[in-house]
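Trainee: Got a structure for you, written out below as structure tokens; questions coming shortly.
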Amino acid sequence: MSLKSQFELAKSEYEQWGIQVEEALEKLRDIPISIHCWQGDDIDGFEVNKAELSGGIDVTGNYPGKATTPEELRMDLEKALSLIPGKHRINLHALYAETDGEIVDRDKLEPKHFEKWVAWAKKHGLGLDFNPTIFSHEKAADGLTLSHPNPEIRRFWIDHCIASRRIGEYFGKELGTPCLTNIWIPDGYKDIPSDRLTPRKRLKESLDEIFAAEVDDTFNIDSVESKLFGIGSESYVVGSHEFYLSYALKNNKLCLLDTGHYHPTEMVSNKISSMLLFNEKLALHVSRPVRWDSDHVVTFDEELKEIALEIVRNDAIDKVMIGLDFFDASINRIAAWTIGTRNMVKAMLYAMLMPNEHLKELQEKGDYTKRLALLEEFKTYPFGAIWNYYCEQMDVPVKEHWLAEVLEYEERVLSQRK
């Protein structure tokens, strides 16, 4: 049976519940996922004076063929994008600046150091998002940055964040789509602190100064990202969820939720509805924590589906900016991008093909039996036939056939790299 015939049969099943499948596919085409560039090179970046990876971040594995130049990274991203349905965005970190061999410290970065990224994004019709890189640097060696007691170190990171916001503004102007510039810091203490307040006071003052710098929010959107703990900050993180949630609300900034930055039993999907009541927009970094913030490749698991359901059934597709954040060096990196991003897109489609309004009505009536029964039965509805047809329509490989293209690229391109 052809994919089209399978699609028509599946569509008829969903339409019995009033689900408009064609409409869902049209909406799905317009949902951009911000794909993180750092999966492709294990967060090495292209700084002339590279420092070792730090900030409680670790990338494990030594799968051959990682990108070692900007050209290789962009080429690998192009390959991954050719296997993922839809038109998406690319998320950059400051350490991916291209300075033509000149040592340019992060507080001195300018838009010109990202001109090649912008030219590439224009060529492929992509939006760009951005992050100041507040780790892997001698001025972050003791695990403190924007909350550091040394005002000179704070000054350096404040200036870097201001420079990053201006780079984000440049991206937005050049590409015609606003850039999300997200601030995350590793600041914290390994053991129980004797003063939790003072570092947070310094962080607040640093953020106030960063956001006081004039940047056009038509082109740049600011967000702040929390964390529960990290390697070297197991007992206390300055930028906690409560801190950034409060700061974002008071200062009209986006609060970014990373799915790995909470207690193992604390689900980001459960936070989305609450935050939507008090925030016009919010941002996500979707990852997969395994026992801790381990940033595994996103799989089509229950939490991913629940995140997508919260976005879709609360009519928040235009209110939630979806980005990814994982890095695995134990598998083919292009496969990692492809698996994770296709799963995020797949989860959004899955959520669109649920009888969400009917399920809401059942809950309001207190008919929990029927609600649970339908939720379970829809897990085996012919969702795959809709997904396969969508991939075919978007001119990307169907089912696992994308893997053959990745392996061919590995043999032809990746295996030739040192």
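The values are calculated or read from the model by the stated rules, or taken from the named source; none is laboratory data. As the structure is a prediction and not an experimental result, all values here were calculated from the model. Note that each Cβ is placed from the backbone with ideal geometry, even for glycine, and that neighbours are counted across all protein chains shown.
Trainee: Could you list, in sequence order, the residues of region 144-155 that are crowded, with 22+ Cβ neighbours inside 10 Å and either more than 23 Å from the chain's Cα centre (by Cα) or of a type outside the set (Val, Ile, Thr) (or both)?
Mentor: 144, 146, 147, 148
Trainee: Another question, then. Mind counting the residues in region 87-103 that are over 16 Å from the mean Cα position of the chain (by Cα), in contact (Cβ under 8 Å) with a residue 24 or more places away in the chain and surrounded by fewer than 21 Cβ atoms within 10 Å (Cβ to Cβ)?
Mentor: Looking only at that region, the number is 5.
Trainee: Under 6 Å between Cβ atoms, at least 6 apart or on separate chains: pull out the pairs that start in region 322-345 with a residue that is closer than 15 Å to residue 32 by Cα and not assigned by TED's automatic domain parsing to the domain that holds residue 36 and end on any residue that is outside any helix (DSSP H, G or I) and aromatic (Phe, Trp, Tyr).
Mentor: Between residues of region 322-345 that are closer than 15 Å to residue 32 by Cα and not assigned by TED's automatic domain parsing to the domain that holds residue 36 and residues that are outside any helix (DSSP H, G or I) and aromatic (Phe, Trp, Tyr), the close pairs are 340/326; 343/300.
Trainee: For region 120-144, enumerate the residues that are at pLDDT below 95, assigned to a loop (DSSP other than H, G, I, E, B) and not charged (D, E, K, R).
Mentor: Hits for region 120-144 are 135, 136, 137, 141, 143.
Trainee: Can I ask one more? Do you know which residues across region 280-305 are of a type in the set (S, T, N, Q) and buried (at least 18 other Cβ atoms within 10 Å of the Cβ)?
Mentor: Result: 287, single match.
Trainee: Hey, another quick one. Which residues, taken from region 181-196, are more than 25 Å from the chain's Cα centre (by Cα) and either modelled with pLDDT under 95 or part of a loop (DSSP other than H, G, I, E, B) (or both)?
Mentor: Across region 181-196, the qualifying residues are 190, 191, 192, 193, 194, 195, 196.
Trainee: What number goes with the only condition from (1) part of a helix (DSSP H, G or I); (2) in the same structural domain as residue 330 (by TED's automatic domain parsing); (3) without any contact (Cβ under 8 Å) to a residue 12 or more places away in the chain; (4) not hydrophobic (A, V, I, L, M, F, W, C) that residue 23 does not pass?
Mentor: Against the list (1) part of a helix (DSSP H, G or I); (2) in the same structural domain as residue 330 (by TED's automatic domain parsing); (3) without any contact (Cβ under 8 Å) to a residue 12 or more places away in the chain; (4) not hydrophobic (A, V, I, L, M, F, W, C), residue 23 comes up short only on (2).
Trainee: Tell me the residue from 115, 205 that is among the acidic types (Asp, Glu) and either within 24 Å of the chain's Cα centre (by Cα) or under 21 Å from residue 282 (Cα atoms) (or both), please.
Mentor: Result: 115 is the single residue among 115, 205 that is among the acidic types (Asp, Glu) and either within 24 Å of the chain's Cα centre (by Cα) or under 21 Å from residue 282 (Cα atoms) (or both).
Trainee: For region 246-269, give me each residue that is free of Cβ contacts under 8 Å to residues at least 60 places away in the same chain, closer than 17 Å to residue 184 by Cβ and either in contact with a helix residue (DSSP H, G or I) (Cβ under 8 Å, 6 or more places away or on another chain) or of a type in the set (Val, Ile, Thr) (or both).
Mentor: Residues satisfying the conditions are 247, 251, 253, 255, 257, 259, 261, 262, 268.
Trainee: Counting just the residues of region 358-395 that are touching a helix residue (DSSP H, G or I) at 6+ places or on another chain (Cβ under 8 Å) and among the charged types (D, E, K, R), which one comes out nearest to residue 310 (Cα to Cα)?
Mentor: Of everything passing the filter in region 358-395, 360 is nearest to residue 310 (Cα to Cα).
Trainee: Right, here's the next one. Those residues that are closer than 25 Å to residue 308 by Cβ, of a type in the set (A, V, I, L, M) and touching a Leu at 6+ places or on another chain (Cβ under 8 Å), I need them from region 228-274; list them, please.
Mentor: Selection gives 248, 254, 256, 257, 268, 272.
Trainee: Quick check on region 31-48. Is at least one of its residues among the hydroxyl-bearing types (Ser, Thr, Tyr) and over 18 Å from the mean Cα position of the chain (by Cα)?
Mentor: Among the residues of region 31-48, not one is among the hydroxyl-bearing types (Ser, Thr, Tyr) and over 18 Å from the mean Cα position of the chain (by Cα), which makes the answer no.
Trainee: Here's something else I'd like to know. Answer yes or no: is there a residue in region 50-67 that is out of contact with any Cys (no Cβ under 7 Å at 6 or more places or on another chain) and not in a loop (DSSP other than H, G, I, E, B).
Mentor: No; the residues of region 50-67 include none that is out of contact with any Cys (no Cβ under 7 Å at 6 or more places or on another chain) and not in a loop (DSSP other than H, G, I, E, B).
Trainee: With respect to residue 235, is the statement that it is surrounded by fewer than 23 Cβ atoms within 10 Å (Cβ to Cβ) and more than 25 Å from residue 348 (Cβ to Cβ) true?
Mentor: yes
Trainee: Still on this structure: Can you list residue pairs whose Cβ atoms sit under 9 Å apart, with the first residue in region 114-131 being of a type in the set (Val, Ile, Thr) and the second being at pLDDT 95 or above? Count only pairs 6 or more apart in sequence or on different chains.
Mentor: That search, which allows pairs on different chains as well, returns 118/111; 118/128; 118/170; 118/171; 118/174; 118/175.
Trainee: If the Cβ limit is 8 Å and pairs must be 6+ apart or interchain, which residue in region 390-418 that is over 16 Å from residue 41 (Cα atoms) and part of a loop (DSSP other than H, G, I, E, B) pairs with which residue that is at pLDDT 95 or above and of a type in the set (Asp, Glu)?
Mentor: 397/405; 398/392
Trainee: Same structure, new question: Considering only region 197-248, state which residues are charged (D, E, K, R), part of a loop (DSSP other than H, G, I, E, B) and within 20 Å of residue 134 (Cβ to Cβ).
Mentor: Of everything in region 197-248, those that are charged (D, E, K, R), part of a loop (DSSP other than H, G, I, E, B) and within 20 Å of residue 134 (Cβ to Cβ) turn out to be 227, 234.
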